[in-house]
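Nothing in this text is a laboratory measurement; each read-out follows from the coordinates by a stated rule. Every value quoted in this text rests on a predicted model; they were computed, and no experiment measured them. All Cβ positions, glycine included, derive from the backbone under ideal geometry; neighbour counts span all protein chains shown.
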Amino acid sequence: MADNQDELAHSIIEALLDHTRVVSDLIALMAQALDDDVQKALTQTPQWQAYLESRRQMETTRADVEKFVEQMKSAAIEQ
């Protein structure tokens, strides 16, 4: 991949990760606005648990993307 393509791929992935983080923060904020009973009921659902697991996975994905970009840059330098 050319440097331009590497930068474009990194930019796209970074934008998607940032958007996901913003949406996650908004969901957490909205959950805090609920009364205690509704909040407790919400956090007991499989959907909430899936949301939390997805958020954890996105944290590791960000690190993986950075590692990938560095590998792509190294490969481009070697060529």
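Values as computed for the structure displayed
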| read-out | value |
| --- | --- |
| Scan of the range 29-49 for residues that are in a helix (DSSP H, G or I), of a type in the set (A, V, I, L, M) and surrounded by 13 or more Cβ atoms within 10 Å (Cβ to Cβ), ordered by number | Ala31, Leu42 |
| Every residue from the range 22-37 that is over 13 Å from the mean Cα position of the chain (by Cα), without any contact (Cβ under 8 Å) to a residue 24 or more places away in the chain and under 12 Å from Arg55 (Cα atoms) | Ala28 |
| Long-range neighbours under 7 Å by Cβ, at least six apart or interchain, first residue in contact (Cβ under 8 Å) with a residue 24 or more places away in the chain within the range 38-52, second β-branched (Val, Ile, Thr) and in a helix (DSSP H, G or I) | Tyr51/Ile27 |
| So Leu8, is it assigned to a helix (DSSP H, G or I), touching a helix residue (DSSP H, G or I) at 6+ places or on another chain (Cβ under 9 Å) and at negative phi | no |
| Residue count, the range 55-76 (criterion: closer than 12 Å to Thr20 by Cα, of a type outside the set (Asp, Glu) and free of Cβ contacts under 8 Å to residues at least 24 places away in the same chain) | 2 |
| In the range 1-22, the residues that are surrounded by 13 or more Cβ atoms within 10 Å (Cβ to Cβ) and of a type in the set (Val, Ile, Thr) | Ile13, Thr20 |
